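Accompanying notes for the structure given below.
What follows is calculated from the coordinates using simple rules that are stated; it is not laboratory data. Just so you know, these numbers come straight off a predicted model, no measurement behind them. Cβ placement follows ideal geometry from the backbone for every residue including glycine, while neighbour counts extend to all protein chains displayed.
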Amino acid sequence: MIPVHILGTESFIHRLSPLTKLFAVVLFWATALVTFDPTLLALLICVSLIIWVFAKMNLRNLRPLLMLAFMVGVVMITFNGFAFWNGKTALFVLPILGWEFWYEGMIFGLSIVLKIFAVVTIVPLLTQTTPMPHFMAGLSTLKLPYKVVFTLGMAFRLVPLIGMSFKDITESQTLRGHDVKTMKLGPGAERIRKWVSRAGLLLAAIGVILWLGSRQLQWDVSATGFIITAVVGVVVYLLATVAAILPRLTKGYIPLFIPLILTLLRRSSDLDIAIESRGFGAPVKRTFLVDIGMTWRDYLFLTIFLAAFVGIVYLVVFGGGLRQAMITVGD
């Protein structure tokens with residue numbers, strides 16, 4: 001059995017029933033999917049981070065998600081800003097191409113990024129605070145067929161299994177001299193990359209400051225150039241960041257994928273033989289080592305999540321949400 005790494009120490013979140021955490025995650029996903037309001041989505045992310053703190057999980061594990069969200073956010077905001085079909089408020093126009101960057105498209109792209117980040121950050125509430133036997137025993141109390149329970153349990157193990165296999169392969173290759181962490185650009189190229197990265201950040205900061213100054217002080221100049229300066233600075237910084245990890249991708253990680261795939265295929269074959277030899281699918285009643293039940297803490301936790309879901313749906317349906325904000329800005 002492949003173990004699932006449980007983050008944090010024993011906490012109130014760890015002691016909740018697996019069914020409670022499963023239903024809470026589903027309600028959280030449904031809440032994030034029904035709204036496009038950036039304020040509500042940011043509030044959901046704050047709630048998710050508060051749960052991380054209560055579960056005593058290390059917030060440093062969010063750093064890869066933050067980097068990914070930043071890069072996806074730049075792409076989504078830029079694309080939707082120029083391609084939004086029902087835009088009413090143009091922030092600026094590209095001088096040569098004549099493309100208009102819409103405020104409504106920028107808000108929509110920001111909402112998509114916040115929606116994705118909200119959905120992703122709540123998943124560890126279930127996956128990294130619940131032991132696998134407890135999770136499968138909880139699913140069995142829903143009267144699901146054991147084949148369904150087993151399939152969901154294996155899907156639950158998939159990401160930790162891939163991560164564990166990749167870590168083993170990486171450590172083995174490091175002992176053989178294939179250290180990914182030491183693969184960088186040459187000294188001269190790395191020095192140039194750092195200067196370009198700093199120049200991009202400085203350019204973006206100057207563009208934002210001048211744009212804000214032109215709006216606050218009502219300068220008699222077009223703000224288009226300031227916004228383009230900020231966008232160019234961000235793009236330069238992202239390109240410099242990608243250049244830093246390019247040697248690791250081409251020379252370091254790509255050669256590790258083939259042994260990873262072969263290892264996963266071998267483990268899947270071993271798993272198939274193991275479950276067949278143990279009579280998988282036999283018409284018998286399955287038993288589990290743990291009994292899963294609901295306590296007052298579980299009902300209180302679910303009640304809070306359900307009340308939040310109903311409240312947000314009410315705000316979206318009767319309060320207008322993002323649609324009403326767009327109409328107000330357009331008028």
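Just subtract the alpha-carbon distance of L289 and M154 from 0.36 nm times their residue separation and send over the number in nm, one decimal.
Gain on stretching L289 to M154: 46.8 nm.
What distance in nm separates the simple spin-label points at R63 and L91, each placed 7 Å from Cα in the Cβ direction?
2.9 nm
Among the lysines, which have Cα under 17 Å from the Cα of K194 when same-chain residues fewer than 8 positions away are ignored?
Of all the lysines, those that pass the test against K194 - Cα under 17 Å, at least 8 places apart if same chain - are K184.
Give the long-range amide H neighbours of F92: residues separated by 5 or more places, or on another chain, with amide H under 5 Å away, using H modelled in the peptide plane at 1.01 Å from N.
F101
In nm, what is the difference between 0.36 nm times the number of residues separating V120 and L249 and their Cα-Cα distance?
44.0 nm
List the lysines whose alpha-carbon lies under 21 Å from that of K115, not counting same-chain residues fewer than 8 positions away?
In chain and number order, the partners are K21.
Per residue of the stretch 71-88, in order, report the coupling 6.51 cos²θ - 1.76 cosθ + 1.60 (Karplus, θ = phi - 60°) as ³J(HN,Hα) in whole Hz, putting x for Gly and Pro.
Listing the rounded values in order: 5, 5, x, 4, 5, 5, 5, 5, 5, 5, x, 8, 9, 5, 7, 10, x, 10 Hz.
Quick one: divide the alpha-carbon radius of gyration of the stretch 249-301 by 2.2 N^0.38 Å and tell me what you get.
For the stretch 249-301, the normalised Cα radius of gyration comes out at 2.07.
In the stretch 248-320, which trypsin sites (Lys or Arg not before Pro) fall in coil by DSSP and have 13 or fewer other Cβ atoms within 10 Å?
Counting only loop positions with at most 13 other Cβ atoms within 10 Å, the trypsin sites (Lys or Arg not before Pro) in the stretch 248-320 are R278, K285, R286.
Using the Karplus curve 6.51 cos²θ - 1.76 cosθ + 1.60 with θ = phi - 60°, work out ³J(HN,Hα) for each residue of the stretch 146-154 in order, rounded to whole Hz, and write x for Gly and Pro.
Calculated HN-Hα couplings, in order: 5, 4, 5, 4, 5, 5, 5, x, 5 Hz.
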